[in-house]
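The values are calculated or read from the model by the stated rules, or taken from the named source; none is laboratory data. Small disclaimer: the values here were computed from a predicted structure and weren't measured. Please note: Cβ atoms are built from the backbone with ideal geometry, for glycine as well, and neighbour counts cover all protein chains shown. These area figures cover heavy atoms from the full protein model, side chains too; ligands, DNA and RNA do not enter into them. Shrake-Rupley method; radii C 1.70, N 1.55, O 1.52, S 1.80 Å.
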Amino acid sequence: MGIQNKVAIITGAANGIGSAAVQRFAEEGAKVVLADFDQSAGKSLEKEMREKGYNAVFIQVDVANRESVDAMVEQTLEQFGEIHILINNAGITRDAMLTKMTAEEFSQVLDVNLKGVFNCTQAVVPHMVANQYGKIISTSSVSGVYGNVGQTNYAASKAAVVGMTKTWAKELGRKGINVNAVAPGFTATKMVAKMPDKIIEQMRSVVALQRLAEPRDIANAYLFLASDESSYVHGHVLQVDGGIMM
Ligand code: CAA
Ligand code: NAI
């Protein structure tokens, strides 16, 4: 895929889709930074990757906190000297119906899913501009494209990712930086496991492929957009959703 020796920061790397992306990027020869809040899962994935002979390092970060993000980027540069790829994958849910959602639940989701993407992208872009090369991929969601019951906060944050992606594509294209987003459908991770079973079944039944995505399905889309195979794909939101709506 042509990402051999490229330095890739993957946020939310310790679990779910992020950990599948770590595996795929490492298999393709990238140097991977596992950037996550979850130290215990992050460290154990780092160990597993190193035992397999891959070049992977865990750096703890809270993407919602700008100082923490700046420190993560500094540590990445100390470790690898440059940054070619950023995967803005960290995300959370705090689901509730509109009338029951608290201000705190609203802010928590916006802080991680929207401000976290802004923080990480703003922190890495000067280094990418200096190299006239970069790939930025952010994770939206079918909820951000179509809306979803119980997800006012989350859908708003994921729609915002689409807006930021298109804006950055317009600002950064001339600097040699590709900017795109992936909008996954319902994917078999802890995030979906928290949903009521009845609603998971309902979601599965409206997917044309009649199954949830596997984390690796989404990781493969990140990989395509991070590679030079997709050099002319820019400002795009790639839906990887098994045909949930067409
Ligand atoms: N689609 C259609 N109807 C839904 C629904 C959905 N996604 N979610 C809830 N409803 C319906 C319920 O069936 C229920 O209907 P009735 O009143 O007819 O019984 C009504 O809405 C109210 O639901 P609850 O009784 O469950 O209300 P609650 O206040 O106890 O809980 C909730 C509300 C927290 C939103 C809960 O219903 C829930 O967790 N729903 C799932 C929300 C969801 O889809 N989250 C996606 C998480 S995965 C993810 O976010 C990844 C991604 O990017 C897609
Ligand atoms: P997950 O809950 O399995 O993993 C999320 C990871 O993000 C965890 O390792 C967690 O520690 C990390 N994280 C959370 N807050 C953080 C913070 N403040 N700083 C750093 N790391 C933080 O979730 P999953 O399913 O792997 O989701 C990955 C991304 O894909 C998220 O952006 C999610 O919104 C998005 N997505 C997921 C879908 C699904 O159905 N699972 C569907 C569409 C989008």
Evaluated at 20 °C and 1.002 mPa s, the Stokes-Einstein D of the chain based on the Kirkwood radius over Cα pairs, in µm²/s, stands at 120
Considering only DSSP beta bridges whose two residues both sit in the chain, what percent are antiparallel, to the nearest 5?
-> 0
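Can you list the trypsin sites (Lys or Arg not before Pro) in region 119-206 that are in a DSSP coil and have 15 or fewer other beta carbons within 10 angstrom? All intermediate terms of the calculation are to be shown ahead of the outcome.
On the way: sites: Lys135, Lys158, Lys166, Lys170, Arg174, Lys175, Lys190, Lys194, Lys198, Arg204; in loops: Lys194.
Answer by residue number: Lys194.
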Among Met246, Pro196, Ile137 - extreme Cα towards positive end, dipole of the chain, charges at beta-carbon = Met246
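Is there a quick way to get the dipole size of the chain? I mean about its Cα centre, with the Cβ of Lys and Arg at +1 and of Asp and Glu at -1; what is the value in debye to the nearest 20?
Dipole of the chain, to the nearest 20 debye: 420 debye.
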First compute the accessible area of the chain with a 1.4 Å probe, then give the percent of it belonging to carbon and sulfur atoms.
-> 52
Rounded to the nearest 500 deg cm²/dmol, what is the calculated helix-only ellipticity per residue at 222 nm for the chain, with -39500 (n - 2.57) per DSSP H run of length n ≥ 4?
-> -14500 deg cm²/dmol
DSSP loop (so not H, G, I, E, B), at most 11 other Cβ within 10 Å: list which trypsin sites (Lys or Arg not before Pro) in region 21-58 pass both filters.
-> Lys52
When ligands, DNA and RNA are left out and all protein chains stay put, how many square angstrom of accessible area per residue does region 76-192 have with a 1.4 Å probe?
-> 41
Note, region 129-145: 3J(HN,Hα) by Karplus (6.51, -1.76, 1.60, θ = phi - 60°), whole Hz, Gly/Pro = x, goes 4, 4, 8, 6, 7, x, 10, 10, 10, 10, 9, 8, 5, 4, 5, x, 8
Charged-residue dipole, Cβ positions (Lys, Arg, Asp, Glu), region 62-183 about Cα centre, Debye nearest 20 | 600
Find out how many positive minus negative residues lie around His84, taking Lys and Arg as positive, Asp and Glu as negative, among other residues whose Cβ is under 11 Å from that of His84.
-> +1
The long-range amide H neighbours of Val7, using H built 1.01 Å from N in the peptide plane and a cut-off of under 5 Å, are Lys31, His84, Ile85
Inter-part gap, Cα centre of region 130-184 to Cα centre of region 192-246, in whole angstrom, is 15
If Lys and Arg each add +1 and Asp and Glu each add -1, what is the summed charge of the other residues whose beta carbon sits under 13 Å from the beta carbon of Ser157?
-> 0
